[in-house]
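One structure below.
The values are calculated or read from the model by the stated rules, or taken from the named source; none is laboratory data. These figures come from a predicted structure and were not determined experimentally. Backbone-built Cβ (ideal geometry, glycine too); neighbour counts: all protein chains shown.
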Amino acid sequence: MPAVLYSYRRCPYAMRARMALWCAGIQVELREISLRDKPPEMLALSPKGTVPVLHCADGRVIDQSLDIMRWALAQNDPSGWLRWQPGSEEFALQESLITCNDSTFKYWLDRYKYAERYPEFDAAYYRQQALSCQLDVLEQRLSHFPFLGGDTAALSDVALIPFVRQFAAVDAQWFESSPYPATRKWLRGWVESDLFKKIMAKPQVVI
């Protein structure tokens, strides 16, 4: 019996989990949920009620996207996304990009995306905070390398791409004319990739 992945197509956390699972070639039964009516079987596995949730064939439950990614790539990592050893300088750099994305950048991204919910400042202010904490760093890195992982992609690329995609979509016209050409090229390459198109295919059934 294959593993079961509870997912939501547009959730950035679920996107990156699906990308790692697909890349690793791990077969899962994909169950697309409705956020308004979460299936009780998913809530029984993970009461926190957020996706992704992976119910492994051996009964193990993994309900954090990065843990799902690392678990999948530990089984099979054909693209070398986990190629650095813990303790190395490059490993630390890659981890710092992911940590910033999942904490500070996500914080400002949410406020930029939903500025009307946070009237203390306007959207431009929130956008600038997101740029300063993360996009500036990405642009500098991507100005020298095609991927955040350097010459080839790494876990950081896959972990960040759904969130940068969200950021770009808040004001697409602004983003297209912004001084971040390397980041735009990197984002476009991922969004147009076969892998991304596969994991973003609309599901036939929603539970």
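Test each condition in (1) surrounded by fewer than 20 Cβ atoms within 10 Å (Cβ to Cβ); (2) in contact with a Leu (Cβ under 8 Å, 6 or more places away or on another chain); (3) in a helix (DSSP H, G or I) for Glu29 and report the one that comes out false.
(3)
Within segment 75-104, how many residues turn out to be without any contact (Cβ under 8 Å) to a residue 60 or more places away in the chain, part of a helix (DSSP H, G or I) and in contact with a helix residue (DSSP H, G or I) (Cβ under 6 Å, 6 or more places away or on another chain)?
Of the residues in that region, 3 qualify.
For segment 162-205, enumerate the residues that are among the basic types (Lys, Arg), under 14 Å from Arg10 (Cβ atoms) and modelled with pLDDT of 95 or more.
Applying the first criterion (among the basic types (Lys, Arg)) to segment 162-205 yields 165, 184-185, 188, 197-198, 202.
Subsequent filtering for residues that are under 14 Å from Arg10 (Cβ atoms) retains 165, 202.
Within segment 162-205, Arg165 is the sole residue that qualifies.
I need the full set of residues from segment 32-55 which are of a type in the set (D, E, K, R) and in contact with a Ser or Thr (Cβ under 7 Å, 6 or more places away or on another chain), in order please.
Glu32, the sole residue that qualifies.
What do you reckon, is Arg16 under 22 Å from Glu139 (Cβ atoms), touching a residue at least 12 places away in the same chain (Cβ under 8 Å), not in a strand (DSSP E or B) and not assigned by TED's automatic domain parsing to the domain that holds Gly149? I'd like the intermediate steps shown before the answer.
Numbers: under 22 Å from Glu139 (Cβ atoms): yes; touching a residue at least 12 places away in the same chain (Cβ under 8 Å): yes; not in a strand (DSSP E or B): yes; not assigned by TED's automatic domain parsing to the domain that holds Gly149: yes.
Criteria met by Arg16.
So which pairs qualify, if the first residue must be in segment 172-191 and of a type in the set (Lys, Arg), the second must be buried (at least 18 other Cβ atoms within 10 Å of the Cβ) and in a helix (DSSP H, G or I), the Cβ gap must be under 9 Å, and the two must be at least 6 apart or on different chains?
Once the first residue is of a type in the set (Lys, Arg) and sits in segment 172-191, its partners that are buried (at least 18 other Cβ atoms within 10 Å of the Cβ) and in a helix (DSSP H, G or I) give Arg184/Ala168; Arg184/Phe175; Lys185/Leu142.
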